[in-house]
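Q: The structure follows.
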Amino acid sequence: MKLRKETENRRHGRWYDDACGTAFALELIGERWSLLIVRELMLGGRRFTELRAGLPGISAKVLTERLAGLEGAGILRRRKLAPPAASQIYELTPWGYAAEEPVKLLGAWAAKSPKHDPTLPLSPASFMISLRTMFDPALAEGLLVSGALNIGDESFLVAVASSALRAERGDIDAPDFTLSAPTATPLAAAVYGKVPVEALAGAGVRLAGDPAAIGRFIDLFHLPAKV
């Protein structure tokens, strides 16, 4: 391996001057908002306005800067949709999608902190990634259930079969249940706080289909014990 001269303009090492992969990971996605942008794109490409909606605290300037940085690092790319949409979306590269497991592990690790507050707002994408993270396959043995989740104007599907979970954007035919809510926060209260769905009607939660099916589905997800 050829050593690079100290005078060379290096991207790797610009913050920490450290060859460790963990240090480099922080240089790639450690700036504020970068990792959350990656999280928002884990369920597929999004327009600029959709990313801002999922990250309401970010400014247009900062989002533009972070997208450019992530694109330059090869983590995401821009793509123009075909007519009639003809708009531009940002989507992860295959390498960018490979960050899902580290993102999930980091989230599960942080959720063990007593300071983690699961009642704070979260985006629809964040909620769906949390389902992928907190799913317990041991509890799903022999279970076959499917559902539609409508969060605001976004549609998602969930399906459990062979002790595995699908949780992604899209529609599903003949779901066992349909759960709708204006935001993801009350759905998190149902899934992780185990608040009965009917008790969340005041928060705009609506359930159609088999109540037993949603109960079996919710039982598959639990936050980790606190340290």
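Q: I'd like the residue in the stretch 52-80 that is in a helix (DSSP H, G or I) and in contact with a strand residue (DSSP E or B) (Cβ under 7 Å, 6 or more places away or on another chain) and, out of all such residues, is most open to solvent (accessible area, probe 1.4 Å).
A: So in the stretch 52-80, the residues in a helix (DSSP H, G or I) come out as 52-54, 60-72.
Among the residues that remain, those that are also in contact with a strand residue (DSSP E or B) (Cβ under 7 Å, 6 or more places away or on another chain) are: 67, 70-71.
Numbers: Leu67: 4, Leu70: 1, Glu71: 63 Å².
Checked the stretch 52-80; the qualifying residue most open to solvent (accessible area, probe 1.4 Å) is Glu71.
Q: Would you be able to say whether some residue in the stretch 121-144 is of a type outside the set (S, T, N, Q), closer than 21 Å to Leu43 by Cα, free of Cβ contacts under 8 Å to residues at least 12 places away in the same chain and not in a helix (DSSP H, G or I)?
A: no
Q: Which residues, counting only those in the stretch 179-193, are open to solvent by 40 Å² or more (accessible area, probe 1.4 Å) and among the polar types (S, T, N, Q)?
A: Answer for the stretch 179-193, where residues must be open to solvent by 40 Å² or more (accessible area, probe 1.4 Å) and among the polar types (S, T, N, Q): Thr183, Thr185.
Q: Could you figure out which of (1) buried (at least 17 other Cβ atoms within 10 Å of the Cβ); (2) part of a loop (DSSP other than H, G, I, E, B); (3) not hydroxyl-bearing (Ser, Thr, Tyr) isn't true of Gly147?
A: Here Gly147 clears every test but (2).
Q: What are the residues in the stretch 83-119 that are in contact (Cβ under 8 Å) with a residue 24 or more places away in the chain, in a loop (DSSP other than H, G, I, E, B) and of a type in the set (A, V, I, L, M), if any?
A: Selection gives Ala99, Ala111.
The values are calculated or read from the model by the stated rules, or taken from the named source; none is laboratory data. Keep in mind that what you see is a predicted model, and the values were worked out from it rather than measured. All Cβ positions, glycine included, derive from the backbone under ideal geometry; neighbour counts span all protein chains shown. Note: accessible area is taken over every heavy atom of the protein model, side chains too, but ligands, DNA and RNA are not part of it. Shrake-Rupley method; radii C 1.70, N 1.55, O 1.52, S 1.80 Å.
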